[in-house]
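The values are calculated or read from the model by the stated rules, or taken from the named source; none is laboratory data. Owing to the predicted nature of the structure, the values given are computational and were not obtained by experimental measurement. Heads up, the Cβs are rebuilt from the backbone with ideal geometry, glycines too, and the neighbour counts pull from every protein chain shown. Accessible surface is based on the protein model in full, side chains and every heavy atom, while ligands, DNA and RNA are left aside. Shrake-Rupley method; radii C 1.70, N 1.55, O 1.52, S 1.80 Å.
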Amino acid sequence: MSDTRYLTFALGKGRLANKTLALFEKIGITCEEIHDKDTRKLIFVNEDLKLRFFLAKGPDVPTYVEYGAADIGIVGEDTILEEGRNIYEVLDLKFGKCRMCICGPAEAKELLQHHELIRVATKYPNIAKDYFYNKKHQTVEIIKLNGSIELAPIVGLSEVICDIVETGSTLRENGLIVLEEVCPLSARMVVNQVSMKMENERITKLIKDLKNVLNQEG
Ligand code: PRP
């Protein structure tokens with residue numbers, strides 16, 4: 001394997017990365033040093049398998065993959081849709097399941113039904129734009145925020161939000177509800193377009209092994 005080049009993986013930081021590493025362990029891909037919580041290292045290597053891993057902010061994962069700085073990325077479908085990068089989406093990993101929804105106080109339902117000009121706060125302006133402009137044909141004002149999106153309708157920044165709902169507890173605890181569902185989401189594996197050709201054998205085997213494990217788990 002000495003002349004084999006490294007395959008590089010970009011993993012979205014946080015819950016997705018932990019679940020990805022647990023899944024990879026089931027197909028014999030391990031990376032001990034990445035589990036060390038005190039380390040400041042950014043790149044982790046499995047010399048035997050010629051694999052490298054790094055953790056990145058979710059929205060940056062498709063960027064690393066499009067430019068070939070990573071051959072493979074693991075990231076939420078929300079990020080893939082929002083970033084719109086030229087990458088191949090090759091596998092649904094079936095975890096990280098949640099929904100992209102339009103949420104707000106119950107009274108806001110009417111504003112959506114009557115196509116009123118409303119404000120929509122979101123971390124996902126492209127997804128929100130596509131939903132309101134192309135699917136609903138409703139003109140809205142989109143306000144980009146970077147987190148704690150549920151605050152927006154509570155403090156009067158917007159009438160509704162376009163955000164991820166997983167358990168629904170953030171909405172419940174803040175007196176908001178799901179008004180409309182945009183789409184279901186889950187974690188996906190993405191691949192650089194050139195890597196898919198140059199490293200086809202290794203990447204195809206990886207996808208096949210992962211599919212087998214995912215099918216066994218149902
Ligand atoms: C996400 C999302 C919601 C929450 C939904 O936020 O933006 O706020 O999780 O999860 P739930 O339905 O299980 O309550 P995240 O934790 O990523 O924080 P942030 O939006 O402040 O970045």
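Once C-alpha pairs closer than 8 Å and six or more residues apart are averaged by separation and normalised to the residue number of the chain, the relative contact order reads 26 percent.
For region 98-185, calculate the relative contact order in percent as a whole number, restricting contacts to Cα pairs under 8 Å that are 6 or more residues apart.
Here the relative contact order equals 50 percent.
Solvent exposure of region 1-148 amounts to 55 Å² per residue of accessible area, where only protein heavy atoms count and the probe is 1.4 Å.
How big, in percent, is the set of alpha carbon pairs in region 17-149 lying more than 25 Å apart? Looking at region 17-149, the distances longer than 25 Å represent 42 percent of pairs. Spread over its residues, the convex hull of the C-alpha atoms of region 63-106 is 87 Å³ per residue.
Listed by chain and number, the aspartates and glutamates whose C-alpha is less than 18 Å from the C-alpha of residue 109, apart from same-chain residues fewer than 8 away, are 141, 150, 159, 163, 180, 181.
Straight Cα distances below 13 angstrom link residue 94 to the aspartates and glutamates 77, 217, with same-chain residues fewer than 8 positions distant left out.
Which pairs break 28 Å Cα to Cα here: 136/197; 135/197; 97/205; 135/211? Spell out each step's value before the answer.
Numbers: 136/197 38 Å; 135/197 35 Å; 97/205 25 Å; 135/211 32 Å.
Listed pairs above 28 Å: 136/197; 135/197; 135/211.
Is region 98-185 rounded, prolate or oblate when judged by the Cα gyration tensor, a ≥ b ≥ c being the square roots of its eigenvalues, rounded requiring a/c under 1.5 and prolate requiring a/b larger than b/c? Rounded, since a/c falls under 1.5.
Which of the trypsin sites (Lys or Arg not before Pro) across region 124-213 are loop residues per DSSP, with 15 or fewer other Cβ within 10 Å?
Here the trypsin sites (Lys or Arg not before Pro) that fit, given the DSSP loop and packing criteria, are 136.
Roughly how many percent of the accessible protein surface of region 98-185 is carbon and sulfur, given a 1.4 Å probe and a whole-percent answer? Its accessible area is 49 percent carbon and sulfur atoms. If you keep only loop residues by DSSP, which trypsin sites (Lys or Arg not before Pro) in region 46-90 have at most 14 other Cβ atoms within 10 Å of their Cβ? Hits after loop and neighbour filter: 57.
In order along region 104-115, phi translates into HN-Hα couplings of x, x, 3, 4, 6, 4, 4, 4, 6, 5, 8, 6 Hz, rounded to whole numbers, per the Karplus curve 6.51 cos²θ - 1.76 cosθ + 1.60 with θ = phi - 60° and x for Gly and Pro.
Summed over qualifying helices (DSSP H, 4 residues or more, each -39500 (n - 2.57)) and divided by its residue number, the chain shows a 222 nm mean residue ellipticity of -8500 deg cm²/dmol.
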